[in-house]
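Reading through the structure tokens given below for one structure.
The values are calculated or read from the model by the stated rules, or taken from the named source; none is laboratory data. This is a predicted model, so every value here is computed, not measured. In this analysis, Cβ positions are derived from the backbone assuming ideal geometry, glycine residues included, and neighbour counts consider all displayed protein chains. SASA here: full protein model, heavy atoms, side chains in, ligands and nucleic acids out. Shrake-Rupley method; radii C 1.70, N 1.55, O 1.52, S 1.80 Å.
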Amino acid sequence: MTVRRPARIAAAGLTALAAAVLLTACNDDAGAGAQPAPTVTVTGVASAQPTSGGKATVPGATPTGPMVTQSAGARCTADELTATVQLQDAGSAMVMVTNKGGRSCTLFGYPGYGGLRADNSADTLAVKREPHPGPPTAITLKPKTTAFSGLKWSSCDKADPTCHVIAGLQLTPPDETRQLTAEVLGLDGKPVLQLLVSAQGLTTGSLQPSNQGVVFAGP
């Protein structure tokens, strides 16, 4: 009696083996032109952001080593500045704001002003802003460098009760509340001890990185 069942089992085994070999060959052929593995996107991690120094940091992370940089864009404070008001023609002056500190800082906008009487008490002056010689410019002041602005006013009769007789000026830098006392100098470089300012007060120009054109033209 002939037993055929083992032959069938062997044939099935050969068929399975051939299918496995064929599947392996197909996979090897597909590997040459296979698509790259799908990209996995990780969420919840903040993207690196550029800093003012051109380096990237991750928000919320504490940078170390050379990644730690001091921002040069912080605004200038009154404590870091000195101010000089250089008289020009009658009723006009060039204002010079200098960085006396040890870091770079920024100025943008218009100075504010107040008067000082001979007894050092404050004299409130009306102050008008005028975009002269142009709109305000963001200025990076390195140590020992200067920004410029124009200043003008109408004189008055000292006997007029509305006339402001002032012995000095206080200047408030943009976005600051603290004032600094400006040095007022004549064209001869000597201190000016008295200014006569009409009730209309002062007109200030915008802060600029150059003194070109900042002085107001005469009447």
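The residue list Ala118, Pro143, Ser155 was ranked by how far each Cα lies along the charge dipole of the stretch 106-169 toward its positive end, using unit charges on Cβ atoms, and Pro143 comes out on top. Sorting Ser155, Ser121 by accessible area puts them as Ser155, Ser121; the probe is 1.4 Å, largest comes first, and only protein heavy atoms count.
What net charge is computed for the residues neighbouring Leu207, neighbours being all others with C-beta under 14 Å from the C-beta of Leu207, Lys and Arg scored +1, Asp and Glu -1? Its environment carries a net charge of -1. Surface composition of the stretch 139-198: carbon and sulfur make up 51 percent of the accessible area, probe 1.4 Å.
Taking a straight line from the alpha carbon of Lys158, these lysines sit under 29 Å away, with near neighbours fewer than eight places off in the same chain left out: Lys128, Lys190. Computed packing ranks the peptides 130-138, 93-101, 175-183, 146-154 as 146-154, 93-101, 175-183, 130-138, most packed first, by mean other Cβ atoms within 10 Å. The amide H of Arg75, built 1.01 Å from its N in the peptide plane, has Thr106 as neighbours under 5 Å, considering only residues 5 or more places off or on other chains. Around the amide H of Ala182, modelled in the peptide plane, lie the amide H atoms of Leu169, Gln170, Leu171, all under 5 Å away and 5 or more residues distant in sequence or on another chain. Residue-wise HN-Hα couplings along the stretch 185-200, as the Karplus relation 6.51 cos²θ - 1.76 cosθ + 1.60 with θ = phi - 60° gives them from phi, are 10, x, 5, 7, x, 8, x, 9, 9, 8, 10, 10, 10, 5, 4, 5 Hz; Gly and Pro carry x.
With θ taken as phi - 60° and the Karplus curve 6.51 cos²θ - 1.76 cosθ + 1.60 applied, the whole-hertz 3J(HN,Hα) list for the stretch 142-152 is 6, x, 6, 9, 10, 10, 10, 8, x, 9, 9 Hz, x standing for glycine and proline. With the simple model of a label 7 Å out from the Cα in the direction of the Cβ, Gln194 to Ala90 spans 1.6 nm. Here the 3J(HN,Hα) profile of the stretch 118-133, calculated from phi with Karplus coefficients 6.51, -1.76 and 1.60 at θ = phi - 60°, is 4, 8, 6, 7, 7, 10, 6, 10, 5, 10, 10, 9, 9, x, 10, x Hz, Gly and Pro shown as x.
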